[in-house]
Structures are given as structure tokens and as C-alpha cells.
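**Student:** Here it is: the structure, laid out below.
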Amino acid sequence: MPLATDDFLDIDDVTPAELDALLDRAAAMKAGETDPRLPDATLGMIFEKPSTRTRVSFETGMTRLGGHAMFLGPDDIQLGHGEPLRDTARVLGRYVDGVMARLFDHEDVETLAEHADCPVINGLTDEAHPCQTLADLLTIRETVGEDATVAWVGDGNNVGQSFVVGAAMAGIDVAVATPAEYGMNPAVFDRAAAFGADVEPTTDPEVAVDGADIVYTDVWISMGQEDERAEKLAAFEGFQVNQELLAGTDAKVMHCLPAHRGEEITNDVLESDRALAWDQAENRMHAQNALLVELLGGE
């Protein structure tokens, strides 16, 4: 199913049917459909933030698809050195077949998409992380099934916001537990409601975890928030995913990584059989390969 969108800036840029087809393609490609599908294609990868999974998964994925990925860090191009972002976008659009950008400001990835004459993929902004959501949904399909119930516990950040909407699109129930002052944008719940989801946020992690098949958490202190460390650690007391919170459940545990062990999750939980983090990390590549083939016109 060809995607109706030219760009992928957040998870609901695709329809539920398109999302389902993307996950089907990702599963099939993971199962062994390895013939090159983007021969000679080039993906320009813009990074304002350091990355392990995003860079390696996209770069390796493009190689497996028969194409090429080009890393463009802050010191490699004029971004941040005086050239307007729209000019960078116009130039890149004439060189490469697609752009993946990992940026701070979500408006910047929107500017790229507006001015680049090629597909633009959001590899992460402060508001959204739709590629992670693709990997998460693929992981849930593989391990628990799409009738799963998920509890999001912790910061109402970019990963959580995209996941809540993506889960709603896939028919997955989500309970959200965050401190009151670190909740998700209310618009996220409105977007989820458009797909029939009724997400009631709570400030009690135990309420969210009750009956959950999966407990999902992420770092409390994201990149660029280091000056808020003491304030956040105090606010998130009681939100750690640990054996006590999971007691009496068979819930699996998801984490998009990197993890701050001893803060949002304990070492013993992350190293236990409950953890799906490594499957999620691998599935970044498979899910993104499916997306790249759809957006860049591979066969």
C-alpha cells in the first residue's frame, strides 16, 4: 500500500491501514526479504543530537537496502552556522533521495519537509519520535500481540506522546502515569481519541500497571535537560520501574534506550527476562527499512 504522505514527521501522518501495512512489510523484511530494494538511493541524515540506535539503524538499513546513508553532523554542514534551515533543505533535496533528521525543535523538521524536494523522516524531535513507535508496535506484535494493554510510566516525553497515538491507531490500550507537572500534551489524548482510544492519565503508577501486559518507561532526564536533574529526580520519586512495581504481574518491560539504570528503571529489571528493550532496538532497523522503501519508492 503506497503511503499517502510524502513525509513522516509523526506517527499519525499515516493512516491506521498504512501503519498496519508498514508493520506487515517490516515483519516480512525481518523474516528474510533481504534483496536490495533501494539500489543507489542516498539518505541524508542530519543530527543535532548524538545517537547510537538512530544512526546505526538507518545507516545499516540503507546498506541492506542497496543504498547509501550520509551522516551530517553539526560540524559537517552549515546548519547552525548561519545558513537558514530552509536553504539547507532546498540544497539537500537536490542531492539526496530522502532526509532523516534528529533535531531538537519539531518546527525545524517541519521546515525541512516544507522546503526539501524529497521525503523527510523525523528521527526524533523534542515533541515526537515516530520511528521508535514503529519499532515498538512491531515488538508488541511479535511478543504479546496487538490485544495487549500497555502502561506508560514516567515522563510524558516525545517517545511517550508518539507511542500513545500509535497504539491508538493499532487498537492497543494504553494507561499513562506521569507526575502532574510532567504529563503529556493534552492534544496527544485528543489525537488518540480520534482513533477510538480513551486514555485517562493518572499520577499513580500502580493504577496504570494494574492489568498491564507491558510496562513502558523512558529516561526522566532527556538530552538538554541536565540542568533540571535535581528537580526531576524529586518529582519522579515512586515512578521507577522496579521489582516492587511489577510484583504480582507477568508484565514485560519496554525501554527505548539509552537507559539510566537506577533512575527510571532498575538494573535487575532491565537485565531480566521481562525486558524487550533489545528487541525494540533491533526492530528500529526493520521498521525503518519498511518506511524507507515506502517513502523512497523502492520495489
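**Student:** Keeping to region 129-183, report how many residues are within 20 Å of Asp105 (Cβ to Cβ) and not β-branched (Val, Ile, Thr). Outline the logic, then answer.
**Tutor:** Residues of region 129-183 that are within 20 Å of Asp105 (Cβ to Cβ), as a first pass: 129-133, 155-162, 165, 182.
Within this subset, residues satisfying the condition of being not β-branched (Val, Ile, Thr) are 129-132, 155-158, 160-162, 182.
Counting residues in region 129-183 that are within 20 Å of Asp105 (Cβ to Cβ) and not β-branched (Val, Ile, Thr) gives 12.
**Student:** Only one residue in Ala177, Ala187, Ala170, Ala135 is touching a strand residue (DSSP E or B) at 6+ places or on another chain (Cβ under 8 Å) and assigned by TED's automatic domain parsing to the domain that holds Val219. Which one?
**Tutor:** Values: Ala187 fails: touching a strand residue (DSSP E or B) at 6+ places or on another chain (Cβ under 8 Å); Ala170 fails: touching a strand residue (DSSP E or B) at 6+ places or on another chain (Cβ under 8 Å); Ala135 fails: touching a strand residue (DSSP E or B) at 6+ places or on another chain (Cβ under 8 Å).
Result of the check over Ala177, Ala187, Ala170, Ala135: Ala177.
**Student:** Would you point out the residue of region 212-235, among those that are acidic (Asp, Glu) and part of a loop (DSSP other than H, G, I, E, B), that is nearest to Glu282 (Cα to Cα)?
**Tutor:** First pass over region 212-235, keeping only residues acidic (Asp, Glu): 213, 218, 226-228, 231.
Subset that is part of a loop (DSSP other than H, G, I, E, B): 213, 218.
On the way: Asp213: 21, Asp218: 17 Å.
Per the criteria, the residue is Asp218.
**Student:** Taking strands (runs of 3 or more DSSP E) that do not extend beyond region 54-129, which have at least 1 residues that are hydrophobic (A, V, I, L, M, F, W, C) and surrounded by fewer than 18 Cβ atoms within 10 Å (Cβ to Cβ)?
**Tutor:** Values: elements: 68-72, 98-102, 120-124.
Where strands (runs of 3 or more DSSP E) fall fully within region 54-129 and carry at least 1 residues being hydrophobic (A, V, I, L, M, F, W, C) and surrounded by fewer than 18 Cβ atoms within 10 Å (Cβ to Cβ), they are 68-72.
**Student:** With in contact with a helix residue (DSSP H, G or I) (Cβ under 8 Å, 6 or more places away or on another chain), surrounded by 19 or more Cβ atoms within 10 Å (Cβ to Cβ) and among the hydrophobic types (A, V, I, L, M, F, W, C) as the only criterion, which of Leu257, Leu245, Leu295 stands out?
**Tutor:** Leu245
**Student:** Please go through region 106-134 and pick out each residue that is among the polar types (S, T, N, Q) and within 15 Å of the chain's Cα centre (by Cα).
**Tutor:** Step one: list which residues in region 106-134 are among the polar types (S, T, N, Q), which gives 111, 122, 125, 132-133.
Passing the criteria: Asn122, Thr125, Gln132, Thr133.
**Student:** Search region 41-53 for residues being not hydrophobic (A, V, I, L, M, F, W, C) and not in a helix (DSSP H, G or I), and hand back the single one that is nearest to Asn283 (Cα to Cα). Walk me through how you get there before you give the answer.
**Tutor:** Filtering region 41-53 for residues not hydrophobic (A, V, I, L, M, F, W, C) gives 42, 44, 48-53.
Pick out the ones that are also not in a helix (DSSP H, G or I) and you get 42, 44, 48-52.
Values: Thr42: 21, Gly44: 21, Glu48: 23, Lys49: 21, Pro50: 20, Ser51: 16, Thr52: 14 Å.
Applying the filter and picking the extreme gives Thr52.
**Student:** What number of residues within region 236-274 satisfy the criterion of being part of a helix (DSSP H, G or I) and either on the phi > 0 side of the Ramachandran plot or in contact (Cβ under 8 Å) with a residue 60 or more places away in the chain (or both)?
**Tutor:** To start, the set of residues in region 236-274 that are part of a helix (DSSP H, G or I) comprises 243-246, 267-270.
From what's left, either on the phi > 0 side of the Ramachandran plot or in contact (Cβ under 8 Å) with a residue 60 or more places away in the chain (or both): 245.
The number of residues fulfilling the criteria is 1.
**Student:** Could you say whether any residue in region 20-35 is farther than 17 Å from Thr125 by Cβ, assigned by TED's automatic domain parsing to the domain that holds Val120 and in a strand (DSSP E or B)?
**Tutor:** no
**Student:** Hey, among the residues in region 156-211 that are in a helix (DSSP H, G or I) and of a type in the set (Ser, Thr, Tyr), which one's surrounded by the most Cβ atoms within 10 Å (Cβ to Cβ)?
**Tutor:** Filtering region 156-211 down to residues in a helix (DSSP H, G or I) leaves 158-170, 180-182, 186-193, 205-209.
Next, from what is left, pick out any that are of a type in the set (Ser, Thr, Tyr): 162, 182.
Values: Ser162: 27, Tyr182: 18.
Checking each candidate, the answer is Ser162.
**Student:** Within region 1-53, count every residue that is in contact with a strand residue (DSSP E or B) (Cβ under 6 Å, 6 or more places away or on another chain) and surrounded by 20 or more Cβ atoms within 10 Å (Cβ to Cβ).
**Tutor:** Of the residues in that region, 8 qualify.
**Student:** Determine, yes or no, whether Thr63 is farther than 20 Å from Ser222 by Cβ, within 22 Å of the chain's Cα centre (by Cα) and not basic (Lys, Arg).
**Tutor:** On the way: farther than 20 Å from Ser222 by Cβ: yes; within 22 Å of the chain's Cα centre (by Cα): yes; not basic (Lys, Arg): yes.
Answer is yes for this residue.
The values are calculated or read from the model by the stated rules, or taken from the named source; none is laboratory data. Since the structure is predicted, the reported quantities are computational estimates derived from the model, not experimental observations. Every residue, glycine as well, gets a Cβ built from its backbone with ideal geometry; the counts of neighbours run over all protein chains shown.
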